[in-house]
Amino acid sequence: MSTTMSPPDPSLVEGLDEPLQVLTADGERRSHELLDPHLTDIDDQTLANLFIDMSVVRRIDEEAVALQRQGELGLWPPLLGQEAAQIGLVRVLRDDDFLFPSYREHALAWCRGVAAEEMLSVWRGTTYTGWDPYERRMATPQIIIGAQTLHAAGYAMAARFAGADEIAVTCFGDGAMSQGDTNEAMVFASAFHAPVLFFCQNNQYAISEPVSVQTPVPIALRPTGFGIPALRVDGNDVLAVRAATRIATEHIRSGKGPMFIEAVTYRMGPHTTSDDPKRYRDQAELDKWSRRCPVTRLEKHLQSTGAPVDSIRAEAKTRSDEVARSLRSAITAMSPPEPQTLFDHVLTTGDATLQRQRRHWEQLEESLLPEAS
Amino acid sequence: MSTMTMAAALNAALRDELAADDSVVLIGEDIGTLGGVFRVTDTLQADFGPQRVIDAPLAESGIIGTSVGMAYRGLRPVCEIQFDGFVYPGFDQLVAQVAKLHYRTRGKVRMPLTVRIPYGGGIGAVEHHSESPEAYFAHTAGLRVVTAASPQEAYQTLRAAIASDDPVIFFEPKGKYWTKGEVDREARADLTTAATVLEGTDATLVAYGPMVATALDAAIAASDEGISLEVIDLRSISPIDRETVAASVRRTGRLIVTHEAAGTASVASEVITGVIEDCFEHLEAAPERVTGYDTPYPPAALEEVFLPNLDRILDAVDRTLGRRDSRSHAPAHVEVSA
């Protein structure tokens with residue numbers, strides 16, 4: 001352990017004045033010294049794929065909101081507006097990188113092969129997990145704010161101790177920056193040089209509280225106090241997020257320790273379907289961010305490159321319609337779990353007390369059955 | 001067999017598990033170079049390296065939370081919380097994550113963590129260093145909560161805890177760290193069974209951890225007066241071995257439960273409720289609790305007032321046997337006539 005101390009190096013952070021950006025709100029590609037070298041593989045097909053990804057997850061999101069309004073889901077936390085941040089991140093990670101998300105990272109689950117109805121089953125209340133975390137290399141959505149950041153740091157510590165080169169990625173929001181766990185995760189990651197990417201989607205609100213309640217300085221400045229380099233990127237620019245993620249993952253995978261990305265974005269919808277954002281933000285603000293919509297921005301960019309936008313748009317629509325249709329039929333057909341599964345998986349092995357309670361429940365249920373005539 | 005202190009027995013258990021299973025890692029504050037403030041991890045970092053015996057930053061939530069992540073990746077973390085009263089910053093990770101992940105993931109993710117917590121008082125310590133917070137954890141589904149009363153129990157229960165695929169909170173009676181006993185390193189234990197440490201016929205005295213020795217002392221003192229106490233060492237606080245306790249009460253008809261933790265919503269409450277449900281008709285007298293009072297753990301100068309002791313246990317024995325006018329010793333809420 002080093003015994004000499006140094007103040008945070010201001011060169012540890014990029015994008016403090018203006019978030020790093022390569023696509024303007026009008027979809028115009030600007031050259032960028034730092035990001036361009038990490039975007040050399042971008043061609044029309046890649047752009048089309050990103051557009052289709054973002055369109056499909058937006059459609060899943062819209063369908064989920066509709067299903068909630070129709071009483072098929074108990075709750076849904078929309079990702080509307082955050083498609084570029086999530087798709088830009090997940091599409092350049094390796095399949096063996098392990099994700100520790102919060103509850104709004106539907107695009108990550110989708111890109112890891114989780115079916116939309118598996119995602120929604122949690123919000124329908126039939127289960128706490130829609131998928132096997134090991135199969136998808138992605139933990140179940142974390143509801144306690146910031147708790148998953150420590151899991152990612154620990155996972156990364158174990159990966160480093162094992163000499164492996166996979167990394168852990170944790171997603172969280174601006175609100176999580178105030179949690180002890182998030183700050184402790186940065187302490188541990190930094191102290192143990194853990195290969196973890198901290199990915200903060202600063203969507204400007206923690207339910208009703210604007211980000212200014214959490215921090216008076218840019219979020220990306222805070223990890224530098226832990227000695228963790230940070231990039232502050234336009235989270236509605238899928239290419240900028242993609243490039244930033246590549247910079248960060250290359251840094252982390254080369255053994256240089258953790259990195260932090262602040263994706264500056266905007267939650268265009270409510271916190272959840274139970275929230276009413278009109279109580280705490282005005283239409284003008286929403287309009288301003290609507291003009292920065294990540295999906296429209298990429299669509300405009302596709303137009304500017306001369307890509308066959310109509311056919312890409314058509315394909316995105318076909319795929320989205322297909323996913324939405326199959327999601328709706330799967331969700332409305334989804335039955336509740338068998339009641340006795342309440343008692344399963346509390347411990348890995350049986351526990352006499354719980355077995356007794358289960359037996360009592362079964363006897364009661366049986367006694368309530370109508371007698372055979 | 002060899003004679004060793006409980007601290008040495010715990011050290012031996014950790015050493016044997018580290019040697020037996022490469023996935024076992026230790027993490028905690030001051031557990032490396034220093035060997036722990038109680039020296040329970042003495043020399044382990046030197047022998048197994050800083051990636052198996054990890055000196056953690058001073059953050060209990062961080063210790064538990066990163067251990068969750070390490071467990072996700074196949075390790076078996078053994079966390080040390082330095083003192084009982086320091087566990088609360090880690091409480092959220094323990095009850096909201098560690099206890100629930102197996103259930104949350106329908107059995108896909110296992111959390112084979114062991115969390116070692118030195119607990120209990122009587123050592124003249126400052127605030128937050130003498131508490132008995134076991135009931136908080138016993139109330140949480142998904143955790144096993146165990147303790148030990150002797151070097152042998154400490155050795156075999158800690159090994160069983162580390163080998164278990166369930167998360168185990170292992171409470172170590174720090175006041176007994178320096179008591180010596182024979183330890184058989186070949187012996188194995190489960191994490192569920194209580195032990196009848198002394199057979200008797202007149203009343204059942206249930207204790208665990210630091211109170212087992214006091215319970216045995218009480219049994220010796222009672223035998224001088226011709227009273228035969230059966231002493232049960234609970235060992236597992238959650239789940240409670242209700243069968244062993246009920247089988248004893250069916251023979252003795254009387255029950256006294258003692259522990260250092262306060263009595264309200266306590267392990268004693270749970271043991272007594274279990275007996276009432278399981279063998280009410282065998283009870284000859286109301287069960288008795290001999291516990292810490294419902295105060296915060298007091299300053300060292302008052303801890304002997306707080307802690308259950310020989311006299312308080314014998315007094316409860318007398319009451320349950322109807323040997324005195326129990327009203328003069330009854331709890332304050334019972335109306336006492338002038």
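List every residue whose amide H lies under 5 Å from the amide H of B:ARG76, counting only residues 5 or more places away in sequence or on a different chain, with H placed 1.01 Å from N in the peptide plane.
Close amide H contacts, sequence-distant or interchain: B:VAL24, B:VAL25.
Which of the lysines could a cross-linker bridge to B:LYS108, judged by Cα under 24 Å and excluding same-chain residues fewer than eight apart?
Those lysines meeting the cut-off are B:LYS100.
Where the Cα atoms of chain B are projected onto their three principal axes, how long is each span, largest first, in whole Å?
65, 42, 39
Between A:SER290 and A:ALA66, what length in nm is gained on full extension when 0.36 nm per residue of separation is reduced by their alpha carbon distance?
78.6 nm
Taking Cα centroids, how far is the stretch A:116-186 from the stretch A:296-366 in Å?
18
Tell me the relative contact order for the stretch B:257-302 as a rounded percent, counting alpha carbon contacts under 8 Å between residues six or more apart.
58
Loop by DSSP (not H, G, I, E, B), at most 10 other beta-carbon atoms within 10 Å: where is the longest site-free stretch of chain A for GluC sites (Glu not before Pro)?
On the way: sites that count: A:GLU33, A:GLU371.
Counting at most 10 other Cβ atoms within 10 Å as exposed, the longest clean stretch of chain A is A:34-370.
According to a simple spin-label model (label point 7 Å from Cα along Cα-to-Cβ), what is the distance in nm between A:ASN49 and A:ARG30?
2.8
Quick one: 3J(HN,Hα) in Hz for the stretch A:178-183, Karplus 6.51/-1.76/1.60 with θ = phi - 60°, rounded, Gly and Pro as x.
Taking θ as phi minus 60°, the curve returns 8, 6, x, 4, 5, 5 Hz for the stretch A:178-183.
How large is ³J(HN,Hα) for each residue in the stretch A:59-65, as worked out from phi by the Karplus curve 6.51 cos²θ - 1.76 cosθ + 1.60 (θ = phi - 60°), to whole Hz, x for Gly and Pro?
Taking θ as phi minus 60°, the curve returns 5, 4, 4, 4, 5, 5, 4 Hz for the stretch A:59-65.
Would you mind checking which residues have amide H under 5 Å from B:ALA56's amide H? H placed 1.01 Å from N; only 5 or more apart, or other chain.
Residues meeting the criterion, in which the H sits 1.01 Å from N, are B:GLY28, B:GLU29, B:ASP30, B:ILE31.
Please give the contour-minus-distance gain from B:HIS128 to B:ALA286: 0.36 nm per residue of separation, less the Cα-Cα distance, rounded to one decimal in nm.
Once the chain is fully extended between B:HIS128 and B:ALA286, it gains 53.5 nm.
What list of ³J(HN,Hα) couplings, whole Hz, do you get for the stretch A:28-42 from phi and the Karplus terms 6.51, -1.76, 1.60, once you set θ to phi - 60° and write x for glycine and proline?
7, 7, 9, 6, 9, 4, 6, 8, 3, x, 9, 10, 5, 8, 6
Taking the beta-carbon count within 10 Å as an exposure proxy, list B:TYR155, B:TYR177, A:TYR134 from fewest neighbours to most.
Starting with the residue having the fewest Cβ neighbours, the order is A:TYR134, B:TYR177, B:TYR155.
How big is the dipole moment of chain B about its Cα centre under a simple scheme where the beta carbon of each Lys and Arg is +1, that of each Asp and Glu is -1, and everything else is neutral? Debye, nearest 20, please.
Value, rounded to 20: 940 debye.
Summing Lys, Arg as +1 and Asp, Glu as -1, what charge do residues with Cβ under 12 Å from the Cβ of B:PRO133 carry, B:PRO133 excluded?
-4
Rounded to whole Å and ordered largest first, report the semi-axes of the equivalent ellipsoid of the stretch A:13-337 derived from its Cα gyration tensor (root of 5λ). All intermediate terms of the calculation are to be shown ahead of the outcome.
Values: eigenvalues 150, 116, 82 Å².
Semi-axes, largest first: 27, 24, 20 Å.
Taking Cα centroids, how far is the stretch B:123-166 from the stretch B:11-75 in Å?
17
Taking the beta-carbon count within 10 Å as an exposure proxy, list A:TRP289, A:TRP76 from fewest neighbours to most.
The most exposed by this proxy come first: A:TRP289, A:TRP76.
Search the structure for amide H atoms under 5 Å from the amide H of B:VAL290, placed 1.01 Å from N in the peptide plane, and list their residues when 5 or more places away or on another chain.
B:VAL257, B:THR258, B:HIS259
Pairs of Cα atoms under 8 Å, at least six residues apart: use those to get the relative contact order of chain B, whole percent.
Working: 742 pairs, mean separation 50.3, N = 338.
Relative contact order of chain B: 15 percent.
By counting other Cβ atoms within 10 Å of each Cβ, how are A:HIS106, A:HIS271 ranked from fewest to most?
Fewest-to-most ranking of A:HIS106, A:HIS271: A:HIS271, A:HIS106.
For Cα pairs less than 8 Å apart in space and 6+ apart in sequence, what is the mean separation divided by the residue count of chain A, i.e. the relative contact order in percent?
Over chain A, the number comes to 25 percent.
Sum up the charges of everything whose Cβ sits under 10 Å from the Cβ of B:ARG144, counting Lys and Arg as +1 and Asp and Glu as -1, but leave B:ARG144 out. Intermediate results must be reported in sequence, preceding the final value.
Values: positive: none; negative: A:ASP351, B:ASP166.
Computed value for this residue: -2.
So if we plug the beta-carbon distance of A:GLN340 and B:GLN51 into 1/(1 + (r/R0)^6) with R0 = 41 Å, what FRET efficiency do we get, rounded to 0.05?
0.40
Based on the Cβ-Cβ distance of B:THR295 and B:THR196, what FRET efficiency does E = 1/(1 + (r/R0)^6) give at R0 = 41 Å, to the nearest 0.05?
Efficiency for this residue pair is about 0.80.
Given the C-alpha centroids of the stretch A:38-79 and the stretch A:231-256, what is the distance between them in whole angstrom?
Value for the Cα centre distance between the two parts: 21 Å.
Bear in mind that the values in this text are calculations on the coordinates, not laboratory data. Because the structure is predicted, anything quoted here is derived from the model rather than measured. FYI the Cβ positions are ideal-geometry reconstructions off the backbone, even for glycines, and counts take in every protein chain you see.
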